[in-house]
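Report on one structure; see the data block that follows.
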Amino acid sequence: MADAKLGMKAGLARFSMRWTMVEAVDVAAYILTLTGPVTTMKLQKLVFYTQARFLVKNGKPLFRNRIEAWINGPVVPDLFHRHTGMFMIGPGQLAASAGLSDRAREAASAVVRVLGPFSGEQLRQLSHNEKPWQDARHGREPEDRSDQEISIEAMRTFYSSPECANPALR
């Protein structure tokens, strides 16, 4: 039994040493290589759902950037500032600083495969129907601005639960 625990600890240590958080812009840049040009609203939602999928599948967040519950759904402000003023964005328009791990690419690819056919507006509506965004905006009118954070724990709890029907997270 002690040998099994040591083996498991060694495996986790190897995973932890290989696993490093990237920035949301790195995830967005990779997503754009899969999708081609998309609206910035759609890109923000695909990045959000990639974070959620990675969190559910790996137990840790993929990127460290804050996600906020804006009027049009989840937004990563650090990424937003990189594409401010753009409606559409395409491959090569975001300067990524890091490559993604196989697990990160798998998460992004799965999200794009399932949610890629949806428009930014459809993804906005999907996020509005889910608890992490709703709970972060608690007490606000739909048209009220908000910089409330959608916490990693709220994402983990909801997207890991049976109540989550989002096909990209299964």
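The values are calculated or read from the model by the stated rules, or taken from the named source; none is laboratory data. The shown structure was predicted, so the numbers you read here are calculated from the model rather than taken from an experiment. When we count neighbours, we look across all protein chains shown, and the Cβ atoms used for this are built from the backbone with ideal geometry, even at glycine.
Couple of notes before you dig in:
- Test: residue in the range 155-163 that is touching a Lys or Arg at 6+ places or on another chain (Cβ under 7 Å) and either of a type in the set (Phe, Trp, Tyr) or without any contact (Cβ under 8 Å) to a residue 40 or more places away in the chain (or both): yes
- Any pair with Cβ under 9 angstrom, 6 or more apart, that starts in the range 79-93 at a residue that is over 12 Å from Thr35 (Cα atoms) and ends at one that is surrounded by fewer than 10 Cβ atoms within 10 Å (Cβ to Cβ): Arg82/Ala95
- Any chance Leu100 is surrounded by 18 or more Cβ atoms within 10 Å (Cβ to Cβ), more than 16 Å from the chain's Cα centre (by Cα) and part of a loop (DSSP other than H, G, I, E, B): no
- Number of residues in the range 39-74 that are among the β-branched types (Val, Ile, Thr) and closer than 17 Å to Ala110 by Cβ: the value is 3.
- Residue within the range 25-37 that is closer than 28 Å to Glu143 by Cβ, surrounded by 16 or more Cβ atoms within 10 Å (Cβ to Cβ) and at pLDDT 95 or above present: yes
- Some residue of the range 81-93 being hydrophobic (A, V, I, L, M, F, W, C) and over 17 Å from Phe118 (Cα atoms): yes
- Some residue of the range 150-158 being within 18 Å of Leu115 (Cα to Cα), in contact with a strand residue (DSSP E or B) (Cβ under 8 Å, 6 or more places away or on another chain) and of a type outside the set (D, E, K, R): no
- Note on the range 113-170: residues that are assigned to a helix (DSSP H, G or I), farther than 15 Å from Pro74 by Cα and either touching a Cys at 6+ places or on another chain (Cβ under 8 Å) or polar (S, T, N, Q) (or both) total 1.
- Counting only helices (runs of 4 or more DSSP H) that sit wholly inside the range 13-89, those with at least 2 residues that are within 12 Å of the chain's Cα centre (by Cα) and more than 14 Å from Met155 (Cβ to Cβ) are 24-35, 40-58.
- Set Leu115, Leu169: member being in contact with a Phe, Trp or Tyr (Cβ under 7 Å, 6 or more places away or on another chain), hydrophobic (A, V, I, L, M, F, W, C) and closer than 17 Å to Pro61 by Cβ: Leu169
- Among the residues making up the range 61-107, those that are charged (D, E, K, R) and more than 30 Å from Pro142 (Cα to Cα) are Asp102, Arg103, Arg105, Glu106.
- One residue alone among Pro132, Pro117 is at pLDDT 95 or above and crowded, with 16+ Cβ neighbours inside 10 Å, and that residue is Pro132.
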